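**Q** Sharing a structure here in structure tokens format.
What follows is calculated from the coordinates using simple rules that are stated; it is not laboratory data. Quick caveat: nothing in here was measured; it's all calculated off a predicted structure. No Cβ is skipped: glycine too gets one built from the backbone with ideal geometry, and neighbour counts run over all protein chains shown.
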Amino acid sequence: MKVFYVTTPIYYANSLPHLGHLYTTVVADVITKHKRQRGFDTFFLTGTDEHGINIQRTAEKLGKTPKEQVDFIAEELKKTFADFGINQGPNGYSIFMRTTYPFHYDGARYFWQQIAKNRTPKGNSNIYKGHYEGWFCAPCAAFKTEDEYKSSDESAVPLCLIHEKPLERVSEESYFFRLSDYAETLLKIIKENPDKIRPEARRNEVIAFIERGLQDLSISRERKNVNWGIPVPGDDNHVMYVWLDALSNYITALGYGNNERSGFDKYWPHAHHLVGKDILRFHTVYWWAFLLAAGLQLPKLVFAHGMWLDAQGRKMGKTLGNIIDLNLLKKYFQTDAVRYFLLREMVFGQDGNFGYENLIDRINADLANGLGNLVARTLTMIDRYRQGIIPNGKISEKNYIFARRASVPADEQEIVTILEYARNEFIRRFDNFEFSQALETA
């Protein structure tokens, strides 16, 4: 039996569900259902990333404990997914992964230990302790280099290019991962296996990032500054850097480094990560280097999709007031119509425009006027001219000439050939992550 493993990112548990969460999860859900219909043994992972300074601060601001905050967000995500036809079980996701699960603590710490005991491609230790000083973005859970922030007109503190929020100056003891020793290895793998990162434009961005030079990566925070995290093995004064913790969920959920879960050997060689383009670097450069350091196989594919913009092509945000309200989608639109729109309107890998008018137009054009009218007319004609009995498909000899004049294939095998081609083209497009084109073919 063929095997397929698909993951969404695990979503950071500091904000309520939004369109970005829904989009990636709907795509993964549709892929999973499609594969299962074709007889694949599938595993579908989604969930929440639940550690780090940003969650700690959000909880404090709301008067909650970090655990109460992440429990609340996890349940809100599950409810939202269920509202749009995504549930856990044989017809949905295999696991709602949470990085606060005890088995993940075991697996993440084991992952750290495996990395620590091995050597880099240049023969150096993978992990070492040092001192870090630099700019940190809490929403990104990442330290920023000079080309990743911009100066502020109002303050000497720079702003994150992604969130446009002030960065924090961090100066503390830290464990480092020797990422700089992996540049040549990563470039070789990516250039020899171009289909491992898609689309091509995003792959080129990763290559350019590596070629600019990789810096060693801080992979811990001091517990006195960040106490909401997984303790570093052998040093309770430090907690793991959130990305090393979070990324390892894709393997701990399959039983890596713990005795509670299973399926690593079966599913991991067939892993497909679906991610937003803003976190591609973490899922390729950092994640792949961690895996290589631990002596593990790389995922089969990382596919970076685009972002939803509003109908005018602007980035969505609270400031512009152009965020899509998921409650309105649930209230006024059918679930299948929303799911169809998400796959049909955006070419996977490119940015797309989402407005309520766009949604209505697409539903009317494709589903109501297109498929709806076709079904209605077909059923009406069967009732009117065939006494409600579906014909056998054969055209009688006396009507053969009329069929030809109407450009209707009179040979039933010709019709079968046309349908087979459409089916095969749909599958080819779908398997190539060309969902919009596949639906257009259908």
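**Q** Pairs LYS129/LYS196; LYS35/LYS196; LYS129/LYS165: which exceed 25 Å Cα-Cα?
**A** LYS129/LYS196; LYS129/LYS165
**Q** A follow-up question, please. Hey, can you rank 265-277, 234-246 by average C-beta count inside 10 Å, highest first?
**A** 234-246, 265-277
**Q** What order do you get for 362-375, 135-148 when each peptide is scored by the mean count of other beta carbon atoms within 10 Å, highest first?
**A** Most protected by this proxy first, the peptides run 135-148, 362-375.
**Q** Continuing with this model, one more query. Nearest 10 degrees, 0 to 90: what angle lies between the long axis of helix 183-192 and the longest principal axis of the chain (Cα atoms)?
**A** 10
**Q** I need the peptides 106-112, 280-286 ranked by packing, meaning the mean over residues of other C-beta atoms within 10 angstrom, with the highest value on top.
**A** Highest-to-lowest ranking by the protection proxy: 106-112, 280-286.
**Q** Further, regarding this structure: So for the pair ARG428, LEU62, with labels modelled 7 Å out along Cα→Cβ, what separation do we get in nm?
**A** 4.8
**Q** Taking Cα atoms, how many degrees apart are the long axis of helix 335-345 and the longest axis of the chain, rounded to 10 and kept between 0 and 90?
**A** 80
**Q** If N is the number of residues in segment 211-261, what value comes out of its Cα radius of gyration divided by 2.2 N^0.38 Å?
**A** So the Cα radius of gyration is 1.36 times the expected 2.2 N^0.38 Å.
**Q** Classify segment 354-441: rounded, prolate or oblate, from the alpha-carbon gyration tensor (a ≥ b ≥ c, eigenvalue square roots; a/c under 1.5 rounded; otherwise prolate if a/b is larger than b/c)?
**A** oblate
**Q** Provide the FRET efficiency to the nearest 0.05 for the HIS131-GLN88 pair, computing r from the beta carbons and using R0 = 41 Å.
**A** 0.40
**Q** Also: May I ask for the angle, rounded to the nearest 10°, between helix 102-117 and the longest principal axis of the chain, with both axes built from Cα atoms and the value confined to 0 to 90°?
**A** Its long axis makes an angle of about 60 degrees.
**Q** How far is the Cα center of segment 91-151 from the Cα center of segment 261-304, in Å?
**A** Comparing the Cα centres of segment 91-151 and segment 261-304, I get a distance of 13 Å.
**Q** For segment 275-418, report the convex hull volume of the alpha-carbon atoms normalised per residue, in Å³, without decimals.
**A** Looking at segment 275-418, the number lands at 218 Å³ per residue.
**Q** Further question: Report, in deg cm²/dmol and to the nearest 500, the calculated mean residue ellipticity at 222 nm for the chain, where each DSSP H run with n ≥ 4 adds -39500 (n - 2.57) and the sum is divided by the residue count.
**A** -12000 deg cm²/dmol
**Q** To the nearest Å, what is the center-to-center distance of segment 216-231 and segment 345-375, using C-alpha atoms only?
**A** 46
**Q** Please give the net charge around THR120, taking every other residue with its beta carbon less than 15 angstrom from that of THR120, where Lys and Arg add +1 and Asp and Glu add -1.
**A** +2
**Q** Rounded if a/c is under 1.5, else prolate if a/b beats b/c, else oblate: with a ≥ b ≥ c from the C-alpha gyration tensor eigenvalues square-rooted, which is segment 123-238?
**A** Oblate.
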